[in-house]
Amino acid sequence: MAKYSINLLQPDLLPAKALWTLNRVVGLWGAVLALMLVLILWVQWQVTTASTELQVAQSLNSRQQLQLQNLEAVIAENRTDAALLSQLNVIKLVIANKQHLHQQLTDPKQTYSAGFSSAMAELAALHNKNISLEKVNIGPGSMTFSGIARTPDAVPNWLSGFESSTFLSGQRFLSFSLTENERKLTEFVVSSARQGE
């Protein structure tokens, strides 16, 4: 006779397989360990790269700080010295004054600018044997001549010769005085300025 087998163990009655087995936990730990090693190596590489860049930046910073100190020293040496600046200002003032004086002395429009030497040259050219000048005063806008004449009429004759002069022509003499001294010589003062000016 034929034997029949009956399986009373239903699939529902089989125990459920465990999710966390030893192999799976060991595999997970291995994967995590491998991931951690990769992360550690990557972070170490990043730290090494950053450290190298930091050293390069620090070296560049040191060179630039040294260059800055050198430039500051050069700038400090190039600053103007107060004493030299004061001397320069004094020299500029002296030069400006001399230029102004030169301009006044060489301006042909002003009476006294023709110069004392040209006036003396013209007075020498107008020499009169009867006139002896003792004092000549030429200022801005005025002239004064004083001296001794042998005769009173020698002074007007001498003054009439001024018309042929370039420097002395056109002068108007507002003050004219003649006096006789103890030696019987005529003392005179002729001035283009009024008395008291």
Residue under evaluation HIS100, criteria (1) in a loop (DSSP other than H, G, I, E, B); (2) under 30 Å from GLY141 (Cβ atoms), criterion not met: (1)
I'd like the full set of residues that are in a strand (DSSP E or B) and either farther than 18 Å from MET120 by Cα or of a type in the set (S, T, N, Q) (or both), limited to segment 145-183. SER146, ALA149, SER175, PHE176, SER177, LEU178, THR179, GLU180
GLU72 exposed (fewer than 10 other Cβ atoms within 10 Å of the Cβ) and part of a helix (DSSP H, G or I): no
With respect to the numbered conditions (1) modelled with pLDDT of 85 or more; (2) within 19 Å of SER118 (Cα to Cα); (3) surrounded by 14 or more Cβ atoms within 10 Å (Cβ to Cβ), which one is the sole condition not fulfilled by ILE131? (2)
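The values are calculated or read from the model by the stated rules, or taken from the named source; none is laboratory data. Only a predicted model underlies this, so the values are computations on that prediction, with no experimental measurement involved. Note that each Cβ is placed from the backbone with ideal geometry, even for glycine, and that neighbours are counted across all protein chains shown.
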